[in-house]
């Protein structure tokens, strides 16, 4: 069975915009969501800037009951619920706030996570070590288990199909879209929530700071800190948040008369096996190229059909290798290379949430026919300029028709994913 | 603290966990928290923890098990407050 899969809902909770409307505006304007965190300075972090969604009391009150607000402290889970709930409603689907109503056996969720509940876990560890385990209350497990977010979503929406949380480091979000899309394509569900979330703050970001992979040179100028593809890209800027997409069989979307944002043509997930130059942190380049080619083949798209690459592009040494791998996998270079931009220039690297937020941005560009600016890339890295014409990098907002977008995400452990979206045509 | 004041503070603790809001409006000392107010049984544990914090008392498991109605919760709290004083 090979059914068509479309996107019928979008939701996002990003450092530069909470909600699709604010996020779209920010992304079009090239608005950065990176700011200075005094907490990181006090804790003597090398990198003291990062990205975190700004949640107003009003947004929290609208989306959570008083009891939920009282119980929830896991930021990642909060971001995830916000994004998924927005996506669900934008798809024209109903929510039963009371938790009653039917179980929908044909609806599920693949919603990835990183260390979403780390603040909650920290509090629990302190209480436990202090001999106060009985004070943990009843909300510790559901917020600290990796599948906490998907468990929340199943209850919110009465999901009776596959409900799971995937985890593949920074590849997680794109992986969730491919897994959920395949599930529908094979006829096993009609509607799936795909997405991912991750928390921010010192306990999530500390390990990366210690590895010296974060940019520590722009602590006094946060919005300039995330510099993908630039000659002076000095490491990534950590972020947090969540993105969500409602994927649906074309049949179901038509029956409901749902708005269609785009089509998921296919994708590919693999690993470089940490061989041939690949390691915990560096990719096996053959793995990346196989992943890109695998996605094209699954989507039945020719390399020359790709209009836009929404890259992984973190602003590390990996950027040059990524461009080289795209160029070799597609057999396109110079002025023939697709247009390319990096959402991380605006929101930093949201880790396990990165892929899903970037997938939302990719679909928005496809649906609204625009290219968002990739900021802080005034001086293109010479290694990149040697492969592609600099003009292929989108540096200012452009309105232009995009038919096919390729979105890639790569992660620790040498894992890769690539998904192909296409403008919907009946 | 008199019984009336105690009831007021207890009701404030219970309120967020109540799923049957109508029953809560007509709450009496005989009202059963699980049966009448439809509080999720897992959340009884949270109510106990909230009471411990609000009144600065310790409610052991045996006492907690017997606190099913609003009146029973009030009785236990009054006794523990007296023991503390």
Can you pull out every residue in the stretch A:291-316 that is at negative phi and without any contact (Cβ under 8 Å) to a residue 60 or more places away in the chain? A:293, A:297, A:302, A:303, A:304
Could you please find all residues in the stretch B:26-52 being part of a helix (DSSP H, G or I) and under 17 Å from residue B:5 (Cα atoms)? B:50, B:51, B:52
So which of A:363, A:415, A:405 is crowded, with 21+ Cβ neighbours inside 10 Å and more than 24 Å from residue A:4 (Cα to Cα)? A:415
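The rows are residues; the columns are (1) in contact (Cβ under 8 Å) with a residue 40 or more places away in the chain; (2) outside any helix (DSSP H, G or I); (3) farther than 17 Å from residue A:316 by Cβ.
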site	(1), (2), (3)
A:345	yes, no, no
A:357	yes, no, yes
A:361	yes, no, yes
A:365	yes, no, yes
A:373	yes, yes, yes
A:384	yes, no, no
A:402	yes, yes, yes
A:417	yes, yes, yes
I'm told residue B:52 meets every condition in (1) touching a residue at least 12 places away in the same chain (Cβ under 8 Å); (2) within 14 Å of chain A (Cβ to nearest Cβ) except one. Can you identify the failing condition by its number? (1)
Counting only residues that are in contact with a helix residue (DSSP H, G or I) (Cβ under 8 Å, 6 or more places away or on another chain) and modelled with pLDDT under 95, which one in the stretch A:76-113 is nearest to the other protein chains (Cβ to nearest Cβ)? A:99
Quick one: count up the residues across the stretch A:52-63 that are within 14 Å of chain B (Cβ to nearest Cβ) and within 27 Å of residue A:345 (Cβ to Cβ). 0
When you scan the stretch A:117-124, do you find a residue that is crowded, with 21+ Cβ neighbours inside 10 Å, away from chain B (no Cβ under 13 Å), in contact (Cβ under 8 Å) with a residue 60 or more places away in the chain and in contact with a strand residue (DSSP E or B) (Cβ under 7 Å, 6 or more places away or on another chain), even just one? no
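Name the residue, out of A:234, A:173, A:206, that is within 27 Å of residue A:412 (Cα to Cα) and buried (at least 20 other Cβ atoms within 10 Å of the Cβ).
Testing whether each residue is within 27 Å of residue A:412 (Cα to Cα) and buried (at least 20 other Cβ atoms within 10 Å of the Cβ) leaves just A:173.
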So which residues in the stretch B:53-70 are part of a helix (DSSP H, G or I) and buried (at least 16 other Cβ atoms within 10 Å of the Cβ), if there are any at all? B:55, B:63, B:64, B:70
Go through the stretch A:69-116 and count every residue that is out of contact with any strand residue (DSSP E or B) (no Cβ under 6 Å at 6 or more places or on another chain) and closer than 20 Å to residue A:170 by Cβ. 4
If the requirement is being part of a loop (DSSP other than H, G, I, E, B), touching a strand residue (DSSP E or B) at 6+ places or on another chain (Cβ under 8 Å) and within 30 Å of residue A:55 (Cα to Cα), which of these qualifies: A:258, A:233, A:242? A:258
Go through (1) surrounded by fewer than 20 Cβ atoms within 10 Å (Cβ to Cβ); (2) farther than 30 Å from residue A:256 by Cα; (3) more than 14 Å from chain B (Cβ to nearest Cβ); (4) in contact (Cβ under 8 Å) with a residue 40 or more places away in the chain one by one and return the number of the condition residue A:129 breaks. (4)
In the stretch A:139-152, how many residues are over 12 Å from residue A:165 (Cβ atoms) and either in contact (Cβ under 8 Å) with a residue 24 or more places away in the chain or away from chain B (no Cβ under 14 Å) (or both)? 3
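A quick yes/no check of all residues on (1) crowded, with 24+ Cβ neighbours inside 10 Å; (2) without any contact (Cβ under 8 Å) to a residue 40 or more places away in the chain; (3) away from every other protein chain (no Cβ under 14 Å); (4) out of contact with any helix residue (DSSP H, G or I) (no Cβ under 9 Å at 6 or more places or on another chain):
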{"site": "A:35", "(1), (2), (3), (4)": "no, no, yes, no"}
{"site": "A:50", "(1), (2), (3), (4)": "yes, no, yes, no"}
{"site": "A:65", "(1), (2), (3), (4)": "no, yes, no, no"}
{"site": "A:74", "(1), (2), (3), (4)": "yes, no, yes, no"}
Here is a check on your reading of the model: is residue A:315 farther than 13 Å from residue A:418 by Cα and either over 21 Å from the mean Cα position of the chain (by Cα) or at pLDDT below 95 (or both)? no
Within the stretch B:12-37, how many residues turn out to be within 14 Å of chain A (Cβ to nearest Cβ), without any contact (Cβ under 8 Å) to a residue 40 or more places away in the chain and surrounded by 11 or more Cβ atoms within 10 Å (Cβ to Cβ)? 9
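The values are calculated or read from the model by the stated rules, or taken from the named source; none is laboratory data. As the structure is a prediction and not an experimental result, all values here were calculated from the model. Backbone-built Cβ (ideal geometry, glycine too); neighbour counts: all protein chains shown.
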